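Novice: First, the structure itself, so that you have it in front of you.
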Amino acid sequence: MSFDRGTLRRQLSAFDGRALTTLGEIEAACSGHDGYRDHLIALCDDAESPVSSGATWLLKSLLERGGTLTAEETDALCRRLAGLRDWAAQLHVCQSFRYLAIGAPQAEEVARWLSPLLTHERPFLRAWSMDALCSLADQHTAFAKAAKVAHENAGRDAAASVRARARNIKL
């Protein structure tokens, strides 16, 4: 099988948003190819929800399994944040921030992107955007006050999942 961004995009477009076995099969078939991480990053903000949510899930999976992104790859991901429209893609990226080293030039952009997610209608997005902001504050103390406020608000959130995420974070 030839491997390029178009091939990966076609495979991801078949993802129904639920069947993680589809993503596991894509991961098994594609993760060893040159350019895999670059292609995932490029597809994170795809206009088609299955593509963006699938690409971000695969990126999160790579990081959770001990994979890393270079500084250049992390910068490329940060440049795509504004284009992320799918809530699941936003969630996967928020869940990935704990594994990423965010450079000083991108930190402000990341904080701006996270800000509206802290009050999103979906509880998991509220929980994980707060987690991401706390991770950002661990790397850049300029965000410590914002992280503390977000953490306190999460601790009083109506959703138990948000409060639980806040309890798991030590500031």
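Novice: For the stretch 15-44, which positions are in contact with a helix residue (DSSP H, G or I) (Cβ under 8 Å, 6 or more places away or on another chain), part of a loop (DSSP other than H, G, I, E, B) and surrounded by 13 or more Cβ atoms within 10 Å (Cβ to Cβ)?
Specialist: Residues satisfying the conditions are Phe15, Gly17, Ser31, Gly35, Cys44.
Residue-by-condition table, conditions (1) more than 11 Å from the chain's Cα centre (by Cα); (2) more than 16 Å from Gly6 (Cα to Cα):
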{"position": "His33", "(1), (2)": "yes, no"}
{"position": "Glu64", "(1), (2)": "yes, yes"}
{"position": "Gln95", "(1), (2)": "no, yes"}
{"position": "Arg98", "(1), (2)": "no, yes"}
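Novice: How do the pairs read when you match residues in the stretch 29-40 that are at positive phi with residues anywhere that are in a loop (DSSP other than H, G, I, E, B) and surrounded by 15 or more Cβ atoms within 10 Å (Cβ to Cβ), using Cβ under 9 Å and keeping only pairs 6 or more apart or on different chains?
Specialist: Filtered contacts from the stretch 29-40: Gly35/Phe3.
Novice: To continue, here is another question. Output yes when any residue across the stretch 92-102 is more than 16 Å from Leu136 (Cβ to Cβ) and outside the structural domain of Asn153 (by TED's automatic domain parsing), and no when none is.
Specialist: Yes, that holds for at least one residue.
Novice: In the stretch 87-117, how many are within 19 Å of Ala154 (Cα to Cα), free of Cβ contacts under 8 Å to residues at least 12 places away in the same chain and among the charged types (D, E, K, R)?
Specialist: 1
Novice: Something else: Looking only at the stretch 4-14, which residues are surrounded by 13 or more Cβ atoms within 10 Å (Cβ to Cβ) and closer than 22 Å to Thr74 by Cα?
Specialist: Arg5, Leu8, Arg9, Leu12, listed by residue number.
Novice: Let me ask another. With the structure loaded, tell me whether Arg126 is farther than 23 Å from Arg65 by Cβ, in contact with a Leu (Cβ under 8 Å, 6 or more places away or on another chain) and not assigned by TED's automatic domain parsing to the domain that holds Leu43 or whether it fails that test.
Specialist: Here the answer is yes, as Arg126 does meet what is asked.
The values are calculated or read from the model by the stated rules, or taken from the named source; none is laboratory data. This structure is a prediction, so every number in the text was calculated from the model and none was measured. Positions of Cβ are backbone-derived with ideal geometry, glycine not excepted, and every protein chain shown enters the neighbour counts.
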